[in-house]
Amino acid sequence: MFGRAVAEFDARVRQVGDHQWQAATPDEEWTVRDLVNHLAGEDLWAPPLLAGSTIAEVGDRFEGDVLGAEPKAAWAAASAAAVRAVGEDGAMDRIVHLSFGDFPGSEYTLQLFADHLIHAWDLARAIGADEHLDDGLVASCATWFEAVEEAYRSAGAIAERPSVPGHADAQTLLLARFGRRA
């Protein structure tokens, strides 16, 4: 699922025009470049964290702009490394040391999966690309998120749920749970 969610985001990154990097996104404080930088940064963290490094050991090497002069190439390299790290033997069973606690690699990967999937929609909305997300990924994300939604909201990681029409589809409902208006 993680690889498929990365592919959803990647499909939108490939469509970003040179004139769109400073465009606004549904994440009010982020431009398109900020959003892609966020996920590239997350993906750079994945290999060392899944290998057992602590945040202190990784330090600040992934802070700031990780995209440089070639944002699409930087994104591609970071995401490919993260996908490889997730697929390594034992990665899902290792303990990952995050700023808010220790979690199995499988839980950390689910967090990354959701981040890539939801931000794929954000990026699509920002650049005028296809906003439809893979139905199977939407269903899997909704199932996982059900147990952690309130923790995310109380930590300030997501906005309040906007109201949705009673006939809303699964993607619209999932996006609302993450504080988005589809």
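The values are calculated or read from the model by the stated rules, or taken from the named source; none is laboratory data. This is a predicted model, so every value here is computed, not measured. In this analysis, Cβ positions are derived from the backbone assuming ideal geometry, glycine residues included, and neighbour counts consider all displayed protein chains. Heads up: the accessible areas ignore ligands, DNA and RNA and are worked out on the full protein's heavy atoms, side chains in. Shrake-Rupley method; radii C 1.70, N 1.55, O 1.52, S 1.80 Å.
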Across the range 126-152, the tally of residues that are surrounded by 15 or more Cβ atoms within 10 Å (Cβ to Cβ) and under 30 Å from Trp21 (Cβ atoms) stands at 11
So which of Ala74, Ala56 is open to solvent by 50 Å² or more (accessible area, probe 1.4 Å) and in a helix (DSSP H, G or I)? Ala56
For the range 1-31, which residues satisfy the criterion of being under 17 Å from Leu117 (Cα atoms), open to solvent by 50 Å² or more (accessible area, probe 1.4 Å) and part of a helix (DSSP H, G or I)? Arg4, Ala7
If I filter the range 55-63 for residues that are touching a helix residue (DSSP H, G or I) at 6+ places or on another chain (Cβ under 6 Å), in contact (Cβ under 8 Å) with a residue 40 or more places away in the chain and among the hydrophobic types (A, V, I, L, M, F, W, C), do I get at least one hit? no
Kindly indicate which of Arg161, Arg153 is among the basic types (Lys, Arg) and part of a loop (DSSP other than H, G, I, E, B). Arg161
So, of the residues in the range 84-121 that are in contact with a Gly (Cβ under 6 Å, 6 or more places away or on another chain) and more than 21 Å from Phe145 (Cβ to Cβ), which turns out to be least open to solvent (accessible area, probe 1.4 Å)? Ala91
Hits in the range 32-47 (condition: surrounded by fewer than 22 Cβ atoms within 10 Å (Cβ to Cβ) and in contact (Cβ under 8 Å) with a residue 40 or more places away in the chain): His38, Glu42
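Residue-by-condition table, conditions (1) under 30 Å from Ala170 (Cα atoms); (2) modelled with pLDDT under 95; (3) within 16 Å of the chain's Cα centre (by Cα); (4) β-branched (Val, Ile, Thr):
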{"site": "Pro48", "(1), (2), (3), (4)": "no, no, no, no"}
{"site": "Val66", "(1), (2), (3), (4)": "no, no, yes, yes"}
{"site": "Ala76", "(1), (2), (3), (4)": "yes, no, yes, no"}
{"site": "Ala80", "(1), (2), (3), (4)": "yes, no, yes, no"}
{"site": "Asp89", "(1), (2), (3), (4)": "no, no, no, no"}
{"site": "His119", "(1), (2), (3), (4)": "yes, no, yes, no"}
{"site": "Ile127", "(1), (2), (3), (4)": "yes, no, no, yes"}
{"site": "Ala147", "(1), (2), (3), (4)": "yes, yes, no, no"}
Between Ala142, Ala129, which is in a helix (DSSP H, G or I) and among the small types (Gly, Ala, Ser)? Ala142
